[in-house]
Amino acid sequence: MIRNTKLLVLLLALVLVGSITASCSSDAPEKGSKQQFINIGTGGTAGTYFPLGGAFAEIWNSSIDGINATAQSTGASVANINLMRDGKLEVATIQNDIAYYAESGKLMFEGDKYSDIRGLMTLYNEPIQIVSLDKDVKTLKDLKGKKVAVGAVGGCVAENAKQILAAAGLDFENDIDARYLSFSEAAGGLKDKQIDAAFIIAGAPTAAIQDIAAQHDVVIIPIEGETASTLLSEYKYFTEYTIPANTYNGQAEEVKTLTVKAMLITTSKLDEELVYQLVKSIYENHDRVVAAHNVGKYITPETGLQGMSIMLHPGAERYFKEKGLK
């Protein structure tokens with residue numbers, strides 16, 4: 001009987017110890033016990049979106065408990081929106097004009113509005129560079145009757161070209177000979193004199209334009225004055241941009257143009273506190289973002305709302321309000 005009593009006491013003591021341990025551990029769950037997977041849509045591996053996405057994943061994994069973030073190479077802006085809509089991405093890098101089209105159901109998203117898209121921050125400029133080797137082409141109106149590369153079929157460059165030419169009083173269908181060429185095809189076409197000008201949307205300096213300028217003086221056609229004012233008032237994704245003098249050979253003066261922005265988007269379904277931490281940790285690890293790509297130096301809280309073309313996620317809005325930026 002005594003032996004059985006001792007055994008019962010021992011068992012009760014073990015149960016008590018186990019319950020105390022469980023109680024303590026429930027107050028401080030082990031890091032990673034409840035993982036939140038964050039799939040980040042970027043672009044091609046040779047572009048800017050992919051290394052930045054990798055830096056964001058690294059920052060989030062090391063800074064936020066329970067996060068398992070991974071950057072994925074994708075088809076960039078439009079593809080990223082479709083992947084997010086299908087629940088395959090939680091965060092993505094896209095152009096702010098594409099985000100606007102998705103939220104408002106315009107152009108390539110006509111009749112297919114994505115109401116769950118939300119903004120995290122804008123990242124850096126992707127200026128509109130209208131390039132020619134013809135010294136007689138100095139203004140947008142000089143493009144009339146010219147062979148002009150306007151990006152790939154169905155791409156956002158062609159839509160921007162239509163908007164810009166219309167603001168300058170030109171008809172896209174009738175006033176230019178539009179050539180639907182990819183970025184690399186447009187660069188080759190300029191060098192071979194198969195086209196007269198090209199719309200290129202990319203960071204300045206752009207390597208492809210530098211390559212052309214190594215052999216030829218280039219002309220960068222400005223977007224300024226009434227044309228720029230019309231575009232800025234009509235499309236909230238455009239902002240002003242100046243290409244510094246001597247960015248390219250033969251470009252002796254600064255050129256005023258417009259820019260779209262690369263931006264980070266998410267879905268309205270992502271938790272507010274989590275989104276707040278995602279935004280905060282990027283800005284608090286600026287050096288790691290810069291180490292991933294040189295454009296990282298432009299990713300700051302002060303520029304994070306410039307060109308914001310869609311509704312902010314509440315978590316992001318909270319961060320910018322705390323910083324006095326909204």
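Miscellaneous remarks
- Gap separating the Cα centres of region 156-219 and region 228-296, nearest whole Å: 21 Å
- Percentage relative contact order, region 126-260, counting C-alpha pairs under 8 Å, at least six apart: 33 percent
- Angle between the chain longest axis and helix 49-63 axis [Cα atoms, degrees, rounded to 10]: 20 degrees
- Alpha-carbon Rg with Dmax, taken over region 126-260, Å: 13.3, 38
- Helix content alone sets the calculated 222 nm mean residue ellipticity of the chain: runs of n ≥ 4 DSSP H residues at -39500 (n - 2.57) each, divided across all residues, give -12000 deg cm²/dmol.
- Entry for semi-axes √(5λ) of the Cα gyration tensor in Å (calculated from the structure that is shown) out of [x] 69, 24, 18; [y] 52, 19, 17; [z] 33, 23, 19: [y]
- Under the simplified labelling scheme, the Glu224-Arg85 pair shows an inter-label distance of 4.0 nm, with each label point 7 Å from Cα along Cα→Cβ.
- Dipole of region 195-326, positive end: most advanced residue of Leu312, Ile223, Ala197 [Cβ charges, Cα centre]: Leu312
- Of the peptides 81-94, 202-215, 253-266, the order by per-residue mean of other Cβ atoms within 10 Å, starting with the highest, comes out as 253-266, 81-94, 202-215.
- Zone residues, region 259-297, relative to Phe37, backbone N less than 17 Å from point 7 Å out along Cα-to-Cβ: 267, 270-271
- Peptides 224-233, 146-155, ordered by how many other C-beta atoms sit within 10 Å of their residues on average, highest first, read 146-155, 224-233.
- Protection proxy ranking, highest mean first, for peptides 190-200, 236-246: 190-200, 236-246, where packing is the per-residue count of other beta-carbon atoms within 10 Å, averaged.
- If the chain linking Leu107 and Leu232 were pulled fully straight, counting 0.36 nm for each residue of separation and taking away their Cα-Cα distance, it would gain 43.1 nm.
- Summed residue charge, Cβ within 13 Å of Ala204's Cβ, Lys/Arg positive, Asp/Glu negative: -1
- Listed residues Val153, Asn246, Ile282: farthest to the positive end of the dipole of the chain (Cβ charges): Ile282
- Residues Thr300 and Asn249, FRET efficiency given R0 of 25 Å [Cβ-Cβ distance, rounded to 0.05]: 0.25
- For region 321-326, the Karplus equation 6.51 cos²θ - 1.76 cosθ + 1.60, evaluated at θ = phi - 60°, returns couplings of 5, 4, 7, x, 9, 9 Hz by residue, with Gly and Pro reported as x.
- Charging the Cβ of each Asp and Glu at -1 and of each Lys and Arg at +1, and nothing else, the dipole of region 126-260 about its Cα centre rounds to 140 debye.
- Percent antiparallel among DSSP beta bridges (both partners in region 126-260, rounded to 5): 75 percent
- Rounded to the nearest 20, the size of the Cβ-charge dipole of the chain about its Cα centre is 1060 debye, with Lys and Arg at +1 and Asp and Glu at -1.
- Amide proton proximity set for Ala69, modelled H, under 5 Å, gap of 5+: Ile38, Asn61
- Chymotrypsin sites (Phe, Trp or Tyr not before Pro) restricted to region 92-187 and DSSP loop, no more than 15 other C-beta within 10 Å: Tyr180
Bear in mind that the values in this text are calculations on the coordinates, not laboratory data. Worth saying up front: this structure is predicted, and the values here are computed from it rather than measured. We place every Cβ from the backbone using ideal geometry, glycine too, and count neighbours over all the protein chains shown.
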